[in-house]
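Structure first, commentary second.
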Amino acid sequence: MKPPAFTYHAPESLDEALGVLAEVGEDGKVLAGGQSLVPILNMRLAAPAHLVDINRVAGLSTVDTNDTSVTVGATARHTDVELDDAAYGVQPLLRQALRLVAHPVIRNRGTTVGSLAHADPAGEMTAVLALTRGSVRITSGSGSRNVDATDFFVGPLECCLRAGEMVESATFPAFPAGTGSAFIEVARRHGDYALCGVAAAVTVLDGAVSAARAAYISVGPTPLLVDLTDAVAGGAVSGGAVSGADWAAAGRLAQSQVSPEADIHSTASYRRHLVGVLTARALAEAAAAAAPTHSLPLRRSG
Amino acid sequence: MSEQHRSVTLTVNGRTHQFDVPVRRLLSDAIRHDVGLTGTHVGCEHGVCGACTVLMDGRPVRSCLLFAVSADGAAITTVEGLAAADGTRHPVQQAFTECHALQCGFCTPGFLTTIAAALEDNSHPSEEQAEEIISGNLCRCTGYQNIKAAVLRAAELKRAAG
């Protein structure tokens, strides 16, 4: 298992990187963390003629947080985003999801933006971008454009990047005030790709559920965003407990919106079952996190 | 077309090595073939088994998922770099010995480097955290119980040593 030969480029500035990408066009592939790309190369599932290693490009490894959003640069490692307390304060779903991305050692090298550009339908961060109504900044030698999550993911392992372009950063907006979030998934083995994963956000206003949304991985070609408000609106929340919200009904509503496929890991009907069960659990956890008496969850490791 | 080569400088276990490699040379192969340190084992070569884990600038990474050229200029610690200069075992190595945490030994270098780095961040792991630390490494011999015990014992030894 050795990668096929390629021409290697190691630009040190964004302009230089964009110049190389423009020059090599369709034959070029950006190398960031490489935790998905290098296995693909090692298994010879792809053989790009040019690799453009952006790890030496200055200024791309930032995690910038302001009052309303978190913006992650193209070479910021998953670990750096996961451990960033300011980012967690503004958008807790980042850390909640990143804990489930592969293993800590993979997260040390893998990048959050790279996992978005890879557009794996099992990739947790695709659901985070979708649920936060986030966007990516796509840059080429001829300028930049911001693309919403809904337009960015085109199909399995396919995003809307064109030849000569790269994703420079991704922005994850904060949820509205009074919103709690959770990310839950089921995988065969710890750290493995999820059979089904659910990112959930529940907004509580004046002690009652006012909005509930979820985004799903591994049950469709792209992250699927579902509004579940109708099933649970009006459920009362007090002291961290939610009564009167029918989370199971929300699970059934979600099940009616998905069309999962079978593969070697799971039948389609088991995935559909997971959508129902995990939706109910994730919404309940998100609602508890939205309640004002909730104490912030601690990281499990380190 | 002849294959592209580049010069790479790596500081491995404190010693600087400079050599030319094909740009597609994996860091794991560079460490074994170019630097000549064969303690870093190559198992799956797609990031699943963890046997090739080394520390790059202090952080554990999969050396089979990095090109040597991408690591140019980095400081690498392999399993050979864990013990003290006088041969005194690293607390993790001592704990593996005491707890019988290996059988065939193939996976052991990756466990040792991974655990050594994790204990730098968390000197008092719980049982659950010990499981999390080793969750990315495969061992087909031990059943993991003794490795988990070794994580906790290594933390004890490390704390005792100050």
- Does at least one position in segment A:9-30 carry a residue that is within 27 Å of residue B:121 (Cβ to Cβ) and not in a loop (DSSP other than H, G, I, E, B)? no
Screening B:87, B:50, B:39, B:73 for residues that are of a type in the set (Gly, Ala, Ser), under 22 Å from residue B:4 (Cα atoms) and not in a helix (DSSP H, G or I) leaves only B:73
Reported set for segment B:131-143 where residues are within 11 Å of another protein chain (Cβ to nearest Cβ), without any contact (Cβ under 8 Å) to a residue 40 or more places away in the chain and part of a loop (DSSP other than H, G, I, E, B) is B:134, B:135
The residue from B:98, B:45 that alone is closer than 25 Å to residue B:143 by Cα and outside any loop (DSSP other than H, G, I, E, B) is B:98
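Rundown of residues vs (1) surrounded by fewer than 24 Cβ atoms within 10 Å (Cβ to Cβ); (2) at positive phi; (3) of a type in the set (D, E, K, R), yes/no style:
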| residue | (1), (2), (3) |
| --- | --- |
| A:129 | no, no, no |
| A:146 | yes, no, no |
| A:150 | yes, no, no |
| A:161 | yes, no, no |
| A:175 | yes, no, no |
| A:182 | no, no, no |
| A:187 | yes, no, no |
| A:191 | yes, yes, no |
Matching residues in segment B:92-113 (at negative phi and more than 14 Å from every other protein chain (Cβ to nearest Cβ)) number 14
When segment A:68-87 is checked residue by residue, the ones that are within 12 Å of another protein chain (Cβ to nearest Cβ) and either charged (D, E, K, R) or over 27 Å from residue A:219 (Cα atoms) (or both) are A:75, A:77, A:80, A:83
Of the conditions (1) touching a residue at least 60 places away in the same chain (Cβ under 8 Å); (2) outside the structural domain of residue B:18 (by TED's automatic domain parsing); (3) surrounded by fewer than 19 Cβ atoms within 10 Å (Cβ to Cβ), the single one that residue B:58 does not satisfy is (2)
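Per-residue answers, yes or no, for (1) of a type outside the set (Gly, Ala, Ser); (2) buried (at least 19 other Cβ atoms within 10 Å of the Cβ):
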{"position": "B:4", "(1), (2)": "yes, no"}
{"position": "B:17", "(1), (2)": "yes, no"}
{"position": "B:27", "(1), (2)": "yes, yes"}
{"position": "B:32", "(1), (2)": "yes, yes"}
{"position": "B:35", "(1), (2)": "yes, yes"}
{"position": "B:39", "(1), (2)": "no, no"}
Exception for residue A:59 within (1) within 14 Å of chain B (Cβ to nearest Cβ); (2) in a loop (DSSP other than H, G, I, E, B); (3) not aliphatic (A, V, I, L, M) falls at (1)
The condition from (1) without any contact (Cβ under 8 Å) to a residue 40 or more places away in the chain; (2) buried (at least 21 other Cβ atoms within 10 Å of the Cβ); (3) in a loop (DSSP other than H, G, I, E, B); (4) out of contact with any Lys or Arg (no Cβ under 6 Å at 6 or more places or on another chain) that residue B:64 misses is numbered (3)
So the helices (runs of 4 or more DSSP H) completely within segment A:88-164 holding 2 or more residues that are within 14 Å of chain B (Cβ to nearest Cβ) and at pLDDT 95 or above are A:104-107, A:112-118
>> Just to be sure before I move on: is residue B:17 touching a strand residue (DSSP E or B) at 6+ places or on another chain (Cβ under 8 Å), of a type outside the set (Val, Ile, Thr) and away from chain A (no Cβ under 14 Å) in the structure I sent?
In response: yes
Quick count over segment B:114-130, residues being within 9 Å of chain A (Cβ to nearest Cβ), within 24 Å of residue B:57 (Cα to Cα) and of a type outside the set (A, V, I, L, M), is 5
Of the residues in segment B:1-41 that are among the polar types (S, T, N, Q) and closer than 16 Å to residue A:3 by Cβ, the one that is nearest to the chain's Cα centre (by Cα) is B:28
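The values are calculated or read from the model by the stated rules, or taken from the named source; none is laboratory data. These numbers were taken from a predicted model, which means no experiment stands behind them. Note: ideal-geometry Cβ built from the backbone for every residue, glycine included; neighbour counts use all protein chains shown.
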